[in-house]
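Visitor: Sending over a structure as structure tokens; questions will come in a sec.
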Amino acid sequence: MTSSPKLKVKTIFTDIDMTLTAPRTAGMELVPDECLAALISAQKKMSLEKAGKTVQEFQRSNYRNMAGNYWPFGLLDQLGIAQSLLWDEVARCAGQLHYVFPDAKKFLIRLKRDYPQIRIYPATTNPGMVIYAKLSAGGKDLANETGSRYLDGAFGGEEVVPGGKSSSHFFTALLERTNADPETTLMIGDDPEKDYRLPEAAGIKQTVLVRRGRQDDIVYRAGGPIYLKSLEPVFDIMEPPV
Ligand SMILES: [Mg+2]
């Protein structure tokens, strides 16, 4: 193997699912709109089915206006339900269903300690509140209702661009929204399509894909993603803080 790459990083975008967090049981994932419907059903004393339809209809009529706003995009205000009740429900579900990878927790903590000048934002379809909720499954010190001291912001999916992370405009919109330069941005993820090809098309050429359980610490080819077996060696491939 040639010498390790040295990445120049001022901004990090990180995927959430299977990169920082995972379901405790495969396939048993928090579904944000189901949490929302459960809350509406309980608060408004309506059937879960009717609450689910309320959520769907609201989204259908507001779909184009969600970018720049935060999930659930004013629906709770319209129904007179306190936002904090949704946090309680989402955090409860996240704590039951998800965990934070231990190496991901160490990575976030060390990044803020040793590289405070690097900004880090999620790049995910999860709404901001769900990002915080899933991280809070790794401890209240990681994230809570007010946010996370380890992230410089959290907005995802429809909050960035209609269609969310799968949209070909997502990464361009995220770069703009965070005022980040693609040349000095590092994408961290697990999915070759969503976390490598889509950001690359937006000019982000530095990508780490995590492959937990791999034998080799680091595998890469020039011009391709860098595969790491955990997030801890990310520090070995970044230039020292300036
Ligand atoms: Mg993922």
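Just so you know, all these numbers are worked out from the coordinates, no wet-lab data involved. Given the structure is predicted, the values throughout are model-derived calculations rather than measurements. Cβ placement follows ideal geometry from the backbone for every residue including glycine, while neighbour counts extend to all protein chains displayed.
Visitor: Give a quick list of trypsin sites (Lys or Arg not before Pro) in the stretch 1-100 that DSSP marks as loop, anything other than H, G, I, E or B, with at most 10 other Cβ atoms within 10 Å. Write out the running numbers ahead of the final one.
Guide: Working: sites: 6, 8, 10, 24, 44, 45, 50, 53, 60, 64, 92; in loops: 6, 8, 10, 24, 45.
Here the trypsin sites (Lys or Arg not before Pro) that fit, given the DSSP loop and packing criteria, are 45.
Visitor: About its Cα centre, what dipole magnitude does the stretch 84-160 give when the only charges are +1 on Lys and Arg Cβ and -1 on Asp and Glu Cβ, stated in debye to the nearest 20? Could you put the intermediate results ahead of the total?
Guide: Details: 10 positive and 9 negative charges, 84 e Å.
For the stretch 84-160, the charge dipole is close to 400 debye.
Visitor: While we're on this one: For the stretch 110-154, just the Cα set please: Rg and Dmax, both in angstrom.
Guide: Here Rg and the maximum Cα pair distance are 10.3, 28 Å.
Visitor: Right, next: Given a 10 angstrom Cα cut-off, can you work out which residue in 189, 157, 203 is the most mobile in a GNM of the chain?
Guide: 203
Visitor: Multiply the residue separation of residue 28 and residue 8 by 0.36 nm, subtract the distance between their alpha-carbon atoms, and state the gained length in nm to one decimal.
Guide: Working: separation 20, 0.36 × 20 = 7.20 nm, distance 3.73 nm.
Using 0.36 nm per residue and subtracting the Cα-Cα distance, I get 3.5 nm.
Visitor: Related question: Using all Cα-Cα distances in the stretch 15-153, what percent lands in each 10 angstrom bin from 0 up to the longest?
Guide: 11, 40, 32, 13, 2, 0
Visitor: Still on this structure: Using only Cα atoms and rounding to the nearest 10 degrees, what angle (0 to 90) does helix 83-97 make with the longest principal axis of the chain?
Guide: 60 degrees
Visitor: Now for a separate question. Let me have the 222 nm mean residue ellipticity of the chain computed from DSSP H runs of 4+ only, each contributing -39500 (n - 2.57), with the sum over all residues rounded to the nearest 500. Kindly include the intermediate steps, with their values, before the conclusion.
Guide: Numbers: 8 runs with 82 residues, N = 242.
Only helices count here, giving -10000 deg cm²/dmol.
Visitor: Measure nothing fancy, just the Cα-based angle from helix 48-62's long axis to the longest principal axis of the chain, in degrees from 0 to 90, nearest 10.
Guide: 70 degrees
Visitor: Given a cut-off of under 8 Å on Cα pairs at least six residues apart, what relative contact order in percent is computed for the chain? Spell out each step's value before the answer.
Guide: Numbers: 411 pairs, mean separation 61.4, N = 242.
With pairs under 8 Å counted, the relative contact order is 25 percent.
Visitor: I've got another one for you. Can you tell me the dipole magnitude for the chain around its Cα centre, using point charges on the Cβ only (Lys, Arg +1; Asp, Glu -1), in Debye to the nearest 20? Intermediate values should be presented prior to the final figure.
Guide: Values: 30 positive and 30 negative charges, 44 e Å.
Dipole of the chain, to the nearest 20 debye: 220 debye.
Visitor: For the stretch 32-95, give the magnitude of the charge dipole about the Cα centre (Cβ charges: +1 Lys/Arg, -1 Asp/Glu; no others), in debye to the nearest 20. Don't skip to the end; give the middle numbers.
Guide: Numbers: 7 positive and 7 negative charges, 36 e Å.
It works out to roughly 180 debye.
Visitor: If you plug each phi of the stretch 65-81 into the Karplus form 6.51 cos²θ - 1.76 cosθ + 1.60 with θ = phi - 60°, what whole-Hz ³J(HN,Hα) values come out, in order, with x for Gly and Pro?
Guide: With coefficients 6.51, -1.76 and 1.60, one gets 9, 7, 4, x, 10, 10, 3, x, 6, x, 4, 5, 4, 4, 8, x, 10 Hz.
Visitor: Take every Cα pair under 8 Å in the stretch 93-197 that's 6+ residues apart, average their separations, divide by the length, and report that relative contact order as a whole percent. Mind showing how you got there, number by number?
Guide: Details: 121 pairs, mean separation 24.2, N = 105.
Relative contact order of the stretch 93-197: 23 percent.
Visitor: Among DSSP beta bridges whose residues both lie in the chain, state the antiparallel percentage, nearest 5. Numbers along the way, then the final one.
Guide: Details: 7 of 24 bridges.
Percent antiparallel among DSSP bridges in the chain is about 30.
Visitor: Same structure again: If r is the Cβ-Cβ distance from residue 70 to residue 205 and R0 is 22 Å, what FRET efficiency results, to the nearest 0.05?
Guide: Values: r = 30 Å, r/R0 = 1.38.
Computed FRET efficiency for residue 70 and residue 205 comes out at 0.15.
Visitor: So in the stretch 162-242, what percent of DSSP beta bridges are antiparallel if you round to the nearest 5?
Guide: Details: 3 of 10 bridges.
Here the antiparallel bridges make up roughly 30 percent for the stretch 162-242.
Visitor: Which whole-Hz ³J(HN,Hα) couplings does the stretch 219-232 yield from phi under the Karplus relation 6.51 cos²θ - 1.76 cosθ + 1.60, θ = phi - 60°, glycine and proline marked x?
Guide: Those phi angles translate into 9, 7, 10, 4, x, x, x, 9, 8, 10, 8, 7, 7, 4 Hz.
Visitor: Here's a follow-up. Wrap a convex hull around the Cα atoms of the chain, take a quarter of its surface area, and give that in square nanometres.
Guide: Values: hull surface 52.1 nm².
Averaged projected hull area, Cα only: 13.0 nm².
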